[in-house]
Each structure stands twice: as C-alpha cells, then as structure tokens.
Amino acid sequence: MLTTQRRALISARLSRDGEIVAKRLADELQLSEDTIRRDLREMAAEGLLKRVHGGALPLTPALPDFATRQEIAGNVKRRLGRKAAGLVAPRQTIFLDGGTSNAEIARALPREMRLTIITHSPTIAAELERHEADVILIGGRLYKHSMVATGAAALAAITAIRVDIFFLGVTAIHPVHGFSTGDYEEAAVKRAILGQAADTFVIATAEKFDAASPHHVANAEDIAGLIVPEDMNDDALGPYRDKGMALLSA
C-alpha cells in the first residue's frame, strides 16, 4: 500500500472511529507497526492529527478567545447551566471552574440561596455580585485565555478547601483518554480542585466529544456525571453510560 493510500485510510478511520491504534491498524494491513507510527508522526507534524501513546486522535479545534466563546451556542449553554444549577442544594460548598458554560451556572443559581461558591475565575465571581452566597475568589497568575488563576498561589489555596460539587470545564472528552484541556498549568489547577471535591460534573457540549487536548485532567471514573444537550447522539454517550456516569440532558 502506498504512503498516500495509508494516509487516506488513517484520515478516514479517524473520522469514523475517533482514534487510531497503531498496532491494531498495522496488524489489519499486515504492515510493521513502525510504518504506521512513522505515518502518524509525519501526519502530526503536518497538523493533520494528534499523536498519543499507542496511536492518534483527531485534532481538537483551536479554542476561540474568551470574548468570542461567550457568543457561541448561547441558548444551549443557558439550558445546560440551568440544569447544572439544579444539582446545587442550600448550604453546600461548590467550586465553579472558569469558562462560558460555568458562567451560565452562576447566572442560573437562585440569588437568595445560601451557599458558599469558590472560584478561581474573576469573571465567574463578578456574575455573583447580587447573590446571597458567600463567594471565595482564589488568586494567582491570571491565565487570560480562560480568565482563571493558575500557579503556585492558586494550588496552595486549593489544598485548604473541601467542596461538595466541582463543576469542571474541559476542552476535550474521549472515552479512552479522558478529560483534557489545552494549558499545562490550568490542567494542574483543575486536577487539584478535583482532588478536593466529593463529586465532579462537566457541562459537555457536542464539539468536545471524541477529541483530546494536550493536557490530561481526569479519567472517566473521576467524573460523577455529564450535563449534555438533549439532542446529543446516544451512541456518543454510550461509553460514558457504561462507565457508570450520570447523564443529565437539557
């Protein structure tokens, strides 16, 4: 099989299956695994896919800046935010990650509800100005792309808290490679918060599925549930249902 034919096949399989396992494809084509790995390396260098251990995944689309993301899928995110807010009970302590979906959770929380809300996002904190909730804003180095605090100061503060629910934001979700995001330090902060939470939920819009970002945050077993659009393809959700996650739609 010619190199161009192999590459076309790899691209087609990525579109169909959402991943390439190098050994499996090499066995199927009766080629050496080194040949397939070389193809994957070259395609990754050309920006056609993302290499991972043992194979490849589709590229995660570049994430728009924060201001642009606020305009994307607004109605869907509002529905999902309201659904997520319905999980919160009075007197709980919750952590709201940064991001436009989690901003919708803040807007949907009843203003009179007594609870403690912790966040490392100044934009999320600003949404809570008129709420009765106690708001704790964790500081650190501002990662402007996501408008969240990162770094040693943020990590130190997080070790001193315990939360009932963490609403985690990620850029990519994959049944094998888990939940991931695009920035190294932001991923470290997310993992630290996850370790302090009794339950973690993710608002998961359709474009995040079957992709992987560079920095791992969580495995499927770390997540209590996904909050997804009501028109999500059930086949895409099957692997997460099989892992015991709650699937809440809105």
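Worth pointing out:
- Among the residues of the stretch 1-52, those that are farther than 23 Å from Pro214 by Cα, of a type in the set (S, T, N, Q) and surrounded by fewer than 12 Cβ atoms within 10 Å (Cβ to Cβ) comprise Thr3, Thr4, Gln5, Gln30, Ser32.
- Contact map, the stretch 230-244: first residue part of a helix (DSSP H, G or I), second residue of a type in the set (Asp, Glu), Cβ cut-off under 8 Å, separation 6 or more or different chains; pairs are Ala236/Asp210.
- Identity of the residue in the stretch 68-96, modelled with pLDDT of 85 or more and among the basic types (Lys, Arg), that ends up surrounded by the fewest Cβ atoms within 10 Å (Cβ to Cβ): Arg91
- Of everything listed in (1) under 10 Å from the mean Cα position of the chain (by Cα); (2) more than 19 Å from Thr116 (Cα to Cα), the single unmet condition for Ala206 is (1).
- Candidates are the residues of the stretch 131-161 that are modelled with pLDDT under 95 and within 19 Å of Ile94 (Cβ to Cβ); the one that is surrounded by the fewest Cβ atoms within 10 Å (Cβ to Cβ) is Met147.
- Hey, Leu115 over 30 Å from Ile158 (Cα atoms), modelled with pLDDT of 90 or more and either touching a Leu at 6+ places or on another chain (Cβ under 9 Å) or β-branched (Val, Ile, Thr) (or both) or not: no
- Per the conditions (1) at pLDDT 90 or above; (2) within 19 Å of the chain's Cα centre (by Cα); (3) not in a loop (DSSP other than H, G, I, E, B), the sole criterion not satisfied by Arg37 is (2).
- Every condition in (1) surrounded by fewer than 17 Cβ atoms within 10 Å (Cβ to Cβ); (2) basic (Lys, Arg); (3) modelled with pLDDT under 95 is met by Lys208 except one, and the failing one is (1).
- Residues of the stretch 211-222 that are part of a loop (DSSP other than H, G, I, E, B) and either in contact with a Phe, Trp or Tyr (Cβ under 7 Å, 6 or more places away or on another chain) or at pLDDT below 90 (or both): Ala211, Ala212, Ser213, Pro214.
The values are calculated or read from the model by the stated rules, or taken from the named source; none is laboratory data. All values reported here derive from a predicted model rather than from experimental measurement. Reconstructed Cβ throughout: ideal geometry from the backbone, glycine too, with neighbour counts over all protein chains shown.
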